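J.: This structure is in structure tokens; I'll ask about it shortly.
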Amino acid sequence: MRQSFLSYNGLKQTFRARWRSWLDRRIPNTREQVLSHKSIFIFLSSTGLMFSALLVLMLVTAVNYKNNLIYGFTFWFFSLMLVVLNYTYRNLADLKISSTGMKTCFVGDEIQVDFSLVSENKIHKSLFFGWPDFGLNFVPVVDSEAKSLKVLYVPAERGWLSPERIRLESTYPFGIFKTWSWLSLKVEVLVYPKPIFSDIRFSLGDSGDDEIDGHVSVKKGEDFAGVRPYQQGDEFKHISWKQSAKGKGLQTKEYEQQEFATYWLSDDCLPRASLEDRISYMTGWLIQARENNLFYGMRFGGVEFEPDNSDAQFKKCMKFLALYGGKGNGGGI
């Protein structure tokens, strides 16, 4: 019994892998897609299956009783099905769909991904669009005026977001046929690790000693104060070439020195845990350091980021953690 179950799972995984490979070739990953016969699938809906069964029953009845009226109704309804088949397909054909982006987020956040739907020469009605796991959005009408749509998604992994294929479907006009497409749209957004918040343990300078009470090293910063005549021994990088170009001789820039605390966030101080949890702990420390406007540096995985307290510093450290270990994707079908 167990072997049969394992064989079934193996066949299922093989089929899914081949299905994905075939879809990737037929509907490649792009930022914008225009639906055509290559990317549209169509089949009878549950209503259509019942309607087809009724036609078969009517045909059997007509043959059995040799009734021309029933023959007429049977072929007329069949002709109607063919017309509906064409209209259902055309309701998706030539529809242009593109991703318009979203903001950076954390793993597990409910986010709104922005999409645009537009058609140059048709009106598309009664569409359903979205990721099935999070619910499909109903879109009543799409025409030549671009329609913006926000679709719910929850990223499961850190790194560059590569969401599952998104589904577009419709049963317009009579619900006899269902037409759908599985679209792979590029969404270039970085997903940050899910933070775990805990008390920060700082590392002192290059010594690596743990400090729990927040007593950290002190570093000097410099603010521009003005210029003075050049003196022998002044650093070459501090010479004001702008003043020299004006014929005022060599001038040296002066700076006021300022002292402030420097906080080092080091992976040596992280709790013993799995790699993903350690990354989450460091993410939580970075968020707390930013909220408290600390002047901080980060050491993780042998890489060191010099102390700073700017937004660029936070984004640089968070990007490093998000992509650490070669993480390039944030999901998959």
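The values are calculated or read from the model by the stated rules, or taken from the named source; none is laboratory data. These figures come from a predicted structure and were not determined experimentally. Neighbour counts run over all protein chains shown; Cβ positions are idealised from the backbone, glycine included.
J.: Quick one: would you say SER144 is small (Gly, Ala, Ser), surrounded by 16 or more Cβ atoms within 10 Å (Cβ to Cβ) and either touching a strand residue (DSSP E or B) at 6+ places or on another chain (Cβ under 8 Å) or in contact (Cβ under 8 Å) with a residue 40 or more places away in the chain (or both)?
T.: Against the criterion (small (Gly, Ala, Ser), surrounded by 16 or more Cβ atoms within 10 Å (Cβ to Cβ) and either touching a strand residue (DSSP E or B) at 6+ places or on another chain (Cβ under 8 Å) or in contact (Cβ under 8 Å) with a residue 40 or more places away in the chain (or both)), SER144 does not qualify.
J.: List, please: which pairs have Cβ atoms under 7 Å, are six or more places apart or on different chains, and start with a residue in the range 148-159 that is in the same structural domain as PHE134 (by TED's automatic domain parsing) and surrounded by 15 or more Cβ atoms within 10 Å (Cβ to Cβ) and end with one that is modelled with pLDDT of 90 or more and polar (S, T, N, Q)?
T.: So the pair list comes out as LEU149/ASN137; VAL151/ASN137.
J.: Looking at (1) touching a residue at least 24 places away in the same chain (Cβ under 8 Å); (2) out of contact with any Lys or Arg (no Cβ under 7 Å at 6 or more places or on another chain), which is the one condition that is false for PHE138?
T.: (1)
J.: Output the residues belonging to the range 291-306 that are farther than 21 Å from ARG278 by Cβ and either of a type in the set (A, V, I, L, M) or in contact with a Phe, Trp or Tyr (Cβ under 8 Å, 6 or more places away or on another chain) (or both).
T.: PHE295
J.: Would you list the helices (runs of 4 or more DSSP H) that sit entirely within the range 1-103 and hold 3 or more residues that are of a type outside the set (A, V, I, L, M), farther than 25 Å from GLU164 by Cβ and not assigned by TED's automatic domain parsing to the domain that holds THR171?
T.: 2-26
J.: In the range 61-117, which residues are in contact (Cβ under 8 Å) with a residue 60 or more places away in the chain, under 30 Å from PRO195 (Cβ atoms) and surrounded by fewer than 15 Cβ atoms within 10 Å (Cβ to Cβ)?
T.: GLY101, LYS103, GLY108
J.: I'd like to check something: does the range 125-139 contain any residue that is surrounded by fewer than 17 Cβ atoms within 10 Å (Cβ to Cβ), among the aromatic types (Phe, Trp, Tyr) and closer than 30 Å to ILE196 by Cα?
T.: The answer is yes; a qualifying residue exists.
J.: Can you list the strands (runs of 3 or more DSSP E) lying wholly within the range 124-194 that have 1 or more residues being closer than 20 Å to ASN91 by Cα?
T.: Here the list reads 124-130, 137-142, 147-153, 166-170, 177-183.
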